[in-house]
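The values are calculated or read from the model by the stated rules, or taken from the named source; none is laboratory data. Computed from a prediction, not measured in an experiment: that's the story for all the values here. When we count neighbours, we look across all protein chains shown, and the Cβ atoms used for this are built from the backbone with ideal geometry, even at glycine. Remember, those area values only see protein heavy atoms, side chains included, never the ligands or the DNA or RNA. Shrake-Rupley method; radii C 1.70, N 1.55, O 1.52, S 1.80 Å.
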Amino acid sequence: MHPGQAHAIHGNGEQDRRFGCECGIVAIHGHPRAAELSYYGLFALQHRGQESAGVATANGASLSVRRGMGLVADALKPSDLAALPGEDAVGHTRYSTTGSSTLANAQPLYARLRQGEVAIAHNGNLVNAAELRARCEAAGSIFQGETDTEVIPHLMARAETDDLTEAFFRALSQVHGAFALALLAPDRILLARDPNGIRPLSLGQAGDALLAASETCALDAMGGRFLRDVAPGEVVELRGGRVETVASLPAGRPALCLFEYIYLARPDSDLHGRNVHLARKAMGRRLWQEAPVAADVVVGVPDSGISAAVGFAEESGIPYEMGLVKNRYVARTFIQPAQALREAGVSVKLNAVGRVLSGRRVVLVDDSIVRGTTSRRLVTLLREAGATAVHLRISAPPFKHPCYYGIDIPTAGELLAARRTVAEMAAEVGADSLAFLSEAGARSAAADAAAADGFCTACFTGQYPVAPQPAERALR
Ligand code: AMP
């Protein structure tokens, strides 16, 4: 989905700015119940995409694919899993950044190539897909959907080789941007990460089976243990029960998306060896050091603000309280209150716990301000619940620039921090004070000093590790 197109709605009625290719992928090699296992892996990656889900399996001779719209449990039924034979599988859960939300764009993408059948699952966004697509189309290619991912099978089909692994490598040598990929063929699985390693991908093992997943929480859910991360630029083959590095793309600057730590990944996942919850807590601690404030209670915005709020409370000595409660059943199909009802105070997603807030000075910790809608609403909610002051602390730097690598941050024009100073933002959301974590603070919380350079922070700095092509820029 292109930013700017209407998204499904957020619990409180505003557009859901679940910024896009928070897609998740899984792969399983050599497990007698591969389809079922991939279902559990995808379920653990549900937070990375709720638009569609799919699984493809291989039985050594041919592929089977099932895809559906919606949450994993809606998209894939027991009858689907029963129709997916074989010991190898790849799965995908999608939140689109490119291409609208239709079944034609759901993944894994299936294609019959000169090198054989393939099913491809992609997390990330390619920054030169429009150009490559135009070139393929000019040469006669017929595309089925709108996703950037579809250029990969087309480039493979055009590669002058019958060797599947070689064709995959040649295709990847032409695409630029962010990709964590799992490609299923009848006799092997190929995995790859872009040369900057913008999106995560980890390898695991469950008994004799080999696993891969966007996040380690999915390895856990599949009963596996973590083996290692796929390295930036590495192309890995899972074949005959073995893991082998079969090719490497020319190395880029290491640039794992810092926003994975800030918001996107699940707190129980480890990325590049760093636990996400602990990274968020460290961000909260740094936030207190950088922007202390006198207050009586620290409250985290559920869910992603909670770890940072706990860190802030620990470091400051100000007690943590559960001042906000989230209704976890607000799904996309929920009928949202109309604007008039929202203005009348109808609020369905978050509620304040008046008895812990009344008469108190509150520090409210959240992970980000995008358009400012959430913060404004929450500050009002806390005041109505009796808070005497609301100091907003954000455990990331201000979002000022669009993301071209699969996080669906709105266009620069819609980002509050792109148009306002911090003081103006504080006034706009109605907070007594507002402070953001510095970029250096966020980096150092996510890694030790040696690795703190190895992140993409383009949405904060505008320094893009891979230059977006003009066609991409025009969209954002
Ligand atoms: P806004 O109301 O537009 O300022 O959005 C800020 C809220 O969106 C914060 O509570 C964040 O936790 C949340 N948020 C940040 N990033 C994302 C994302 N990628 N998808 C959905 N919500 C997000």
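Relative contact order for the chain using alpha-carbon pairs under 8 Å, separation at least 6, rounded to a whole percent? Averaging sequence separation for qualifying contacts and normalising by length gives 15 percent for the chain. When +1 charges are put on Lys and Arg Cβ atoms and -1 charges on Asp and Glu Cβ atoms, the dipole computed for the chain relative to its Cα centre reaches about 900 debye. Of the solvent-accessible surface of the chain, computed with a 1.4 Å probe and all protein chains present, 52% belongs to carbon and sulfur.
3J(HN,Hα) along the range 182-192, derived from phi through the Karplus expression 6.51 cos²θ - 1.76 cosθ + 1.60 where θ = phi - 60°, amounts to 10, 10, 9, 10, x, 10, 6, 10, 10, 10, 8 Hz, with x in place of Gly and Pro.
Could you compute the net charge surrounding GLY54? Neighbours are other residues with a C-beta less than 13 Å from the C-beta of GLY54; K and R count +1, D and E count -1. Summing Lys and Arg as +1 and Asp and Glu as -1 gives +1. Centroid-to-centroid, using Cα positions, the range 322-357 and the range 267-314 are 23 Å apart.
The length gained by stretching the chain between ALA452 and GLN339 to full extension, at 0.36 nm per residue less their Cα-Cα distance, is 36.3 nm. With a cap of 10 neighbouring Cβ atoms within 10 Å, and only residues DSSP puts in a loop, list the chymotrypsin sites (Phe, Trp or Tyr not before Pro) found in the range 296-329. Hits after loop and neighbour filter: TYR329.
Ranked highest first by average number of other Cβ atoms within 10 Å, how do 114-120, 150-156 line up?
Details: 114-120: 21.0, 150-156: 24.4.
Sorting 114-120, 150-156 by mean packing, highest first, produces 150-156, 114-120.
The listed peptides 454-461, 67-74, ordered by packing as a protection proxy, come out as 454-461, 67-74 (highest mean of other Cβ atoms within 10 Å first).
Within the chain, count lysine pairs with alpha carbon atoms under 25 angstrom apart where the residues are 8 or more positions apart or belong to different chains. Numbers along the way, then the final one.
Numbers: LYS281/LYS326; LYS281/LYS349; LYS281/LYS400; LYS326/LYS349.
So the count works out to 4.
For the chain, the solvent-accessible area with a 1.4 angstrom probe is 37 square angstrom per residue. With label points built 7 Å along Cα→Cβ from the Cα atoms of SER173 and ARG420, find their separation and express it in nm. Inter-label distance under the simple model: 5.0 nm.
What net charge is computed for the residues neighbouring PHE179, neighbours being all others with C-beta under 11 Å from the C-beta of PHE179, Lys and Arg scored +1, Asp and Glu -1? Kindly include the intermediate steps, with their values, before the conclusion.
Values: positive: ARG193, ARG199; negative: ASP148, ASP194.
The answer is 0.
Measuring between their Cα centroids, the range 418-474 and the range 80-134 lie 31 Å from each other. Summing charges over all other residues whose Cβ lies under 11 Å from the Cβ of VAL348, with Lys and Arg as +1 and Asp and Glu as -1, gives +3. Evaluating 6.51 cos²θ - 1.76 cosθ + 1.60 at θ = phi - 60° for every residue in the range 425-435, the Karplus couplings come out as 5, 4, 5, 5, 8, x, 8, 5, 8, 9, 8 Hz, glycine and proline recorded as x. Here the label points at GLN463 and ALA440, each 7 Å from Cα along the C-beta direction, are separated by 1.3 nm in the simple model. When the chymotrypsin sites (Phe, Trp or Tyr not before Pro) in the range 98-185 are filtered for DSSP coil states and for at most 14 other beta-carbon atoms within 10 Å of their beta-carbon, the remaining sites are PHE143. Taking amide H as placed 1.01 Å from N in the peptide plane, GLY177 has its amide H under 5 Å from the amide H of VAL127, each at least 5 places away in sequence or on another chain.
Want the number for ALA294 to GLU244: 0.36 nm per residue separation, take away the alpha-carbon distance, what's left?
Answer, rounded to one decimal: 12.5 nm.
The Cα atoms of the chain cover 71, 45, 44 Å along the three principal axes, with the biggest extent listed first.
Modelled spin labels at ASP268 and THR380, positioned 7 Å past Cα toward Cβ, are 3.6 nm from each other. In percent, how large is the relative contact order of the range 24-252, given Cα pairs closer than 8 Å and 6 or more residues apart? Here the relative contact order equals 21 percent.
Can you list which of the trypsin sites (Lys or Arg not before Pro) found in the range 285-389 are DSSP loop residues with at most 10 other C-beta atoms within 10 Å?
Working: sites: ARG285, ARG286, LYS326, ARG328, ARG332, ARG342, LYS349, ARG355, ARG360, ARG361, ARG371, ARG376, ARG377, ARG383; in loops: ARG328, ARG332, LYS349, ARG360, ARG371.
Sites meeting the loop and neighbour criteria: ARG328.
Residues in the range 36-47 carry Karplus couplings, in order, of 4, 4, 5, 4, 5, x, 5, 4, 6, 9, 4, 4 Hz; the curve used is 6.51 cos²θ - 1.76 cosθ + 1.60 with θ = phi - 60°, and Gly or Pro positions show x.
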